[in-house]
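The values are calculated or read from the model by the stated rules, or taken from the named source; none is laboratory data. Since the structure is predicted, the reported quantities are computational estimates derived from the model, not experimental observations. A quick note on method: Cβ atoms are made from the backbone with ideal geometry, for glycine too, and the neighbour counts reach across all protein chains shown. We work out accessible area using only protein heavy atoms, side chains counted, and drop any ligands, DNA or RNA first. Shrake-Rupley method; radii C 1.70, N 1.55, O 1.52, S 1.80 Å.
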Amino acid sequence: MVIYDLTPTSRIDRTDSAARRAAWDEATLVSSLQGIVNRHAPRLYLDFVQSNGISVDRFWLQTFSDPQAAPDTAAGWLATRSRIEIHQLSELLANFRPDFDGVVIYDERVPATSNLAATIAGVENLLPLRYDSSPHSLYTKLVLSPDGPRLPVKRRLLASDDSPMFTGTGKIPGTELDSTGSAKTDAYLWLIKHYIEPGRCDTTHVGYYLDAWWLDHTGPSVQNHTLTNHDFVIAHRGFFFDLDPWEDETPVDDPTQPLGADGRMFRQILQAAYDRTVGKEMIHVAGFTPWDTKYTNYGTAGGTHEPVPTEWHHAEVLSAYNAYMDADALGLSAMANASFFMHFPLKERYPQRKPTLETLREKGYLDAHNQPIDRTFVSIYVGDYDSAAWVYQQMPHLWNDPARGSIPMGWAINPNLADRFGAGMDWLRSTATANDFFVSGDSGAGYINPMNLVEPRPFSGLPSGLTTWIEHCERYYRQWDLSITGFIIDGYAPKTDEAMRRAYATFSPEGVVLHQATGWGMTDQQPWIQMQYDLYEVDAGASQILSDVRADGTQFLMYRTILWSPSKLRAMFEKVNADPKYGQRIEFVDPYTLFLLMRQAATDTANTP
């Protein structure tokens, strides 16, 4: 295996235009190379992502090179692999020169062409290069310079005279189609006609990542360009796009386009992807709305909608086409090496230690009639882990927190994240304590609005995709031994109804947590409960819980936290339990215990909020 240090590209002066372009160009090229050379085996590993003061990539490299890192796991997967450290791009390219056929050139004047180039890179084994004939550009060094490798240009996303290939006028190049009136959306229509509709790329693997607009709109963290996330999609020969999901605005990166052109192309590209699957497969969309630079009203992003409504609209549209998010959201959006870790040898099944009635009796939670005692039982959704990037960046810090194991925790980790980072999920399971429990995160095996899977489906008008979703979830829930869905997000879709709860019972029989609901109840044998509130800080969280507690009677409550450490959770638990009025009647339990208690309560009583 080859290890390449990409960290110098993240330490640039962000105010220097040339430095930004050099960093972007190298990260684009290296990440694409990684996707190509790792397609069939884990050969190239990058060091790039920094989080919580450490090199995340080095942490995971060390973990999976140490046979003692975790018992009963493949943590020593890399222990016997020989390795070479390479620090020069020229040496890296020379090492892997037999693996790629040349380069595809794109045009930063039409930023969308960077995503076209990333798509072509995976399909045709080419490296993407930004066209720039200045003396010190990467294009000049690799293609023009007599002292360089003189890489052959196999594809050009520019006109023959080096002017923009896409202009938003006339006919779309290489087609008989009239322009959409936008160079940006013309580029994506060209991609549909030349790569998606002919079946040249895998439309079940999609990257929704920022295009070359970043070059002049760099945020506070260079690594949030998410270029190192590209490798997984490229390895699968998937496609990339970056479009505004709203149809009632013109995006800041293409302000002269006809109103709603981006939003219409957003749906058209999803329809093209759906058509290739004939509705028989779910579509994995890695990435998230680039809310700090486009499509929202945040700062200078130029949109008219708030960030969270934009996320929700993005999700509701995706869901209408059988697509789900692997939500690499800012500012934990960066991930590297997914194409490397996708080769990790996962087990067929990862069983959990789940509570039983005997467990509840031993803890004194049931009375002589096997009914829950007069207490308020509280469980915490420990999230949000609907993104492989978030697990990749945060678990080195959170999982090693000294308080882990001292309190019951319901880690809400979507099982589909195993596609990009199954190695990390194996490690979590292998090092879990008796107090670490796992449920799915947002909506199941992917962030989706489930009611937009069923007819009448807004935006798409397609037939129901519910069977496809159930089969998709069953596979992941079975492997990771999940039977609780930690939070079904409805967003702007209709609220999850009884029929949908019954559908979820086929793979999530022990319970679901609902977005729009009141209290708790049962759907046949499946318990459900509302997500009470999001908790943000220890004192406010403790106050919220105490304000929801009744003076008597059995009560069940579920709350959501985002990126809370075990120490922070324990501090809140201790503060709640120290309350002189209600503290002693509150029991903090894991989600499986909570739902089992609810099931027992339902065997004898009608449940009301």
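Values for this structure:
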{"read-out": "Residue match in the stretch 193-200 (condition: within 22 Å of Leu29 (Cα to Cα) and either in a loop (DSSP other than H, G, I, E, B) or in contact with a Ser or Thr (Cβ under 7 Å, 6 or more places away or on another chain) (or both))", "value": "yes"}
{"read-out": "Of residues in the stretch 94-105 being touching a strand residue (DSSP E or B) at 6+ places or on another chain (Cβ under 9 Å) and under 15 Å from Val153 (Cα atoms), the one most open to solvent (accessible area, probe 1.4 Å)", "value": "Asp101"}
{"read-out": "Residue list for the stretch 26-41, filter: surrounded by fewer than 19 Cβ atoms within 10 Å (Cβ to Cβ) and either farther than 22 Å from Ala118 by Cβ or in contact (Cβ under 8 Å) with a residue 12 or more places away in the chain (or both)", "value": "Glu26, Ala41"}
{"read-out": "The one condition in (1) over 27 Å from Glu26 (Cα atoms); (2) among the small types (Gly, Ala, Ser); (3) in a helix (DSSP H, G or I) that Ala187 fails to fulfil", "value": "(1)"}
{"read-out": "Any hit, the stretch 473-484, residues being hydroxyl-bearing (Ser, Thr, Tyr), surrounded by 16 or more Cβ atoms within 10 Å (Cβ to Cβ) and assigned to a loop (DSSP other than H, G, I, E, B)", "value": "yes"}
{"read-out": "Qualifying residue in the stretch 515-533 (condition: of a type in the set (Val, Ile, Thr), over 26 Å from Gln600 (Cβ atoms) and either modelled with pLDDT of 95 or more or surrounded by fewer than 18 Cβ atoms within 10 Å (Cβ to Cβ) (or both))", "value": "no"}
{"read-out": "Filtered residue count, the stretch 147-184, keeping only those that are out of contact with any helix residue (DSSP H, G or I) (no Cβ under 9 Å at 6 or more places or on another chain), closer than 30 Å to Ala94 by Cα and either open to solvent by less than 10 Å² (accessible area, probe 1.4 Å) or not in a loop (DSSP other than H, G, I, E, B) (or both)", "value": "1"}
{"read-out": "Whichever residue in the stretch 70-93 is of a type outside the set (Val, Ile, Thr) and crowded, with 18+ Cβ neighbours inside 10 Å and, among such residues, is modelled with the lowest pLDDT", "value": "Ala70"}
{"read-out": "Among residues of the stretch 552-603, those that are among the polar types (S, T, N, Q), touching a strand residue (DSSP E or B) at 6+ places or on another chain (Cβ under 9 Å), open to solvent by 10 Å² or more (accessible area, probe 1.4 Å) and assigned to a helix (DSSP H, G or I), counted", "value": "2"}
{"read-out": "Filter result (part of a helix (DSSP H, G or I) and either in contact with a strand residue (DSSP E or B) (Cβ under 8 Å, 6 or more places away or on another chain) or within 17 Å of Gln530 (Cα to Cα) (or both)) within the stretch 500-511", "value": "Met500, Arg501, Arg502, Tyr504, Ala505"}
{"read-out": "The stretch 448-472 - residue that is open to solvent by less than 10 Å² (accessible area, probe 1.4 Å), assigned to a loop (DSSP other than H, G, I, E, B) and out of contact with any strand residue (DSSP E or B) (no Cβ under 7 Å at 6 or more places or on another chain) and, of those, nearest to Glu510 (Cα to Cα)", "value": "Asn449"}
{"read-out": "Lone qualifier among Gln271, Gln257 - being among the polar types (S, T, N, Q) and either touching a strand residue (DSSP E or B) at 6+ places or on another chain (Cβ under 7 Å) or within 15 Å of Leu318 (Cβ to Cβ) (or both)", "value": "Gln271"}
